[in-house]
Amino acid sequence: MPNRVVIGSQWGDEGKAKIVDFLTLYADIIVRFQGGANAGHTVKAEGKEFIFHLIPSGIMHPNKICIIGNGVVFDPKQAILEIKDLAGKGISVDNRVLIAENAHVVLPWHIVGDKLKEARAGKSAIGTTGRGIGPCYSDKVNRHGVRVGDLLDEQQLRPCIKAIAAFRNEEFKKMYDAEPIDPEPVIEEYLELGKQLKPYICDTVSYLFDSLKAKKQVIFEGAQGTILDVDHGTYPFVTSSNTVAGSASCGSGVGPTAIDQVIGVVKAYTTRVGNGPFPTELQNEIGDKLREIGGEYGATTGRPRRCGWFDAPVVRKAAAVNGLTHLAITKLDVLDTFKEIKVCINYKLEGKEVPRFPNRLAQVALCEPVYETLPGWESSTSKCRSWSDLPQNAQKYLNRISELAGVKIGIISVGATRDESIEMDME
Ligand code: GDP
Ligand code: IMO
Ligand code: MG
């Protein structure tokens, strides 16, 4: 079986976790490679439901190994909460969760700093999840971060935390007139967290290298989505990591030749949570209907998601920058009751019709969708388990999406649970 990257092809929350859980049937190892506890990944299977923030979405399958890779920004408190939650629901993670010793650690300064920066930004706030993601990645790139392995070594941890405290406390005082955070209790607390997490912390890069050599099958689980990528998204209304498929390689420490397929998860419509331009957004009763039927409320923050029609330029961009080999189209069932469904095929920009999603924010903000209207199917798809079970108009809609994106369909999802899935051509 191939090694697969599963990534979001829109603005996040496409249903990546559902697809990863489904594909885990065929895999041995599942790796998160970027992002942090800003991710909210929902898995519904075997009568249970979990929202994962850090633990890879394959964990509900017994005997599969789940890795938190070096490219993740790791919040130890959140990880312990998730491990306890799983154990409480009868899912053991012992010897199954591995945490990269060279992943960076989210510290209290990052979480507080994230919120202070957002509060001060006022109207130009990004609308972050408040999980400390941006500040943690900036300390990483600024080369004064704390890494997971440091939590196991007081000699190493103490000066690192003191350095961050000096830097960030000064920022808090001068920029925000905010209270400093005393580093001493933080050092004690994070050493204790390190003790609790010690059994899971290891050299995941070597583990993956040996596993790939032994022909184990790996799924690389993306977080966020392509248009939230720090390079390719609607900068600055993006997250602070590369969310695209190429990031799987450096965020887990495997060479790009290890990757055989790139599965782009797309909703059958579009959503976005947080601020920034969104050309097909529907601020009307149709948007409200998509939100209510689709349950479009953030898995991490509970915020209502902004909703709109399917946007082909967005998914074309994802196809290009990720090298998509397959689409996994989710939430088809949410469209079951619509009489007509619109699809944005191109944008109108400065008097011209353009097929591409622009790189420049000001241009994205000017894009007006050019819509095509397709007939709805007005019947339930949730019990469909094969292409031929689907109503003809649903088939037409899916074929049109695939044609507009220029990528074949690998999986169709017609409900949140593992079995509400149609596997197409995954070759
Ligand atoms: P992720 O962040 O990409 O993993 O997606 P989220 O878990 O944040 O959001 C997707 C939501 O849609 C979750 O509540 C899923 O349980 C749900 N979901 C996933 N696939 C389907 C589907 O095909 N149909 C429906 N109705 N819900 C789905
Ligand atoms: P999953 O993995 C949807 C958005 C935030 C904000 C921007 C920056 O569940 O798809 P951050 O906290 O990362 O600095 O916020 O990115 N965002 C997401 N939107 N799904 C996510 O994750 C997201 N993670 C971050 O709303 O607009
Ligand atoms: Mg999510």
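What nm distance separates the two modelled labels at K48 and K339, each placed 7 Å from Cα along Cα→Cβ?
The answer from the label model is 4.5 nm.
Please report the net charge: other residues with Cβ closer than 14 Å to the Cβ of V265, K and R +1, D and E -1. Let's see the in-between values first.
Values: positive: R4, K16, K18, K267, K331; negative: D13, E14, D21, E221.
Net charge in that neighbourhood comes out at +1.
Can you tell me the length gained on complete extension of the stretch E192 to Q156, counting 0.36 nm per residue apart and subtracting the Cα distance?
Length gained between E192 and Q156: 11.5 nm.
State, to one decimal in nm, how far the label point of D288 lies from the label point of V141, with both points 7 Å from Cα in the Cβ direction.
It is 4.1 nm.
Based on the alpha-carbon gyration tensor of the range 13-71 and its eigenvalue square roots a ≥ b ≥ c, which shape applies: rounded if a/c is under 1.5, prolate if not and a/b is larger than b/c, or oblate?
oblate
How much length is gained on full extension from A214 to A163, taking 0.36 nm per residue of separation minus their Cα-Cα distance? Mind dumping the intermediate values first?
Numbers: separation 51, 0.36 × 51 = 18.36 nm, distance 4.17 nm.
Fully extending the segment from A214 to A163 adds 14.2 nm.
Give me I187, I341 sorted ascending by neighbouring Cβ count inside 10 Å, so fewest comes first.
Ranked by crowding around the Cβ, least crowded first: I187, I341.
So, counting K/R as plus one and D/E as minus one, what does the shell of residues with Cβ under 13 Å around E14 add up to?
Here the charged neighbours net out to +2.
Could you pull out the trypsin sites (Lys or Arg not before Pro) across the range 194-271 that fall in loop regions by DSSP (anything but H, G, I, E, B) with no more than 14 other Cβ atoms inside 10 Å?
On the way: sites: K195, K213, K215, K216, K267; in loops: K215, K216.
Answer by residue number: K215.
Pairs of alpha-carbon atoms within less than 8 angstrom and 6+ residues apart define the contacts here; what relative contact order does the range 295-427 have, in percent?
Working: 220 pairs, mean separation 38.4, N = 133.
Across the range 295-427, relative contact order equals 29 percent.
Provide C202, C160 in ascending order of the number of other Cβ atoms located within 10 Å of each residue's Cβ, fewest first.
In order of increasing Cβ crowding within 10 Å: C202, C160.
Test of understanding: extend the Cα→C-beta vector of A119 to 7 Å, then name every residue of the range 146-190 with backbone N under 18 Å from that spot.
Once the point is set 7 Å along Cα→Cβ of A119, 168-182 turn out to lie under 18 Å by backbone N, inside the range 146-190.
Just flag the trypsin sites (Lys or Arg not before Pro) in the range 394-426 sitting in loop per DSSP whose Cβ has no more than 16 other Cβ atoms within 10 Å.
K408
Can you say what percent of the DSSP beta bridges in the range 266-423, counting only those with both residues inside, are antiparallel? Round to 5.
Approximately 75 percent, going by the DSSP bridge assignments.
Distance in nm between label sites at W387 and N63, each 7 Å beyond Cα in the beta-carbon direction?
For the pair W387/N63, the computed spacing is 3.2 nm.
Specify which residue in the list V407, V43, V273 is farthest towards the positive end of the charge dipole of the chain, using unit charges on the beta carbon of Lys, Arg (+1) and Asp, Glu (-1), about the Cα centre.
Checking the options against the dipole of the chain, the answer is V407.
Given the DSSP H assignment, sum -39500 (n - 2.57) over each helix run of at least 4 residues in the chain and divide by its residue total; what's the result at 222 nm in deg cm²/dmol, nearest 500?
Rounded to the nearest 500, the figure is -10000 deg cm²/dmol.
Fully extended, how many nm does the chain gain between D260 and K408 (0.36 nm per residue separation, minus their Cα-Cα distance)? Walk me through the numbers before you get to the answer.
Working: separation 148, 0.36 × 148 = 53.28 nm, distance 1.54 nm.
Gain on extension, D260 to K408, equals 51.7 nm.
Can you give the net charge of the other residues whose Cβ lies under 15 Å from the Cβ of M1, counting K and R as +1 and D and E as -1?
In short, -1.
Enumerate the helices in the chain for which the Kyte-Doolittle hydropathy averages -1.0 or more and the C-alpha atoms extend at least 24 Å along the helix's axis, using complete DSSP H runs.
Within the chain the helices that satisfy the rule are 154-176.
5 Å is the cut-off here: which amide hydrogens, built 1.01 Å from N in the peptide plane, fall below it relative to I341, excluding neighbours closer than 5 in sequence?
Residues meeting the amide H criterion: L374, G376.
Rule-based calculations on the coordinates, nothing more; no lab input. As the structure is a computational prediction, the values presented were derived from the model and not from experiment. Note: ideal-geometry Cβ built from the backbone for every residue, glycine included; neighbour counts use all protein chains shown.
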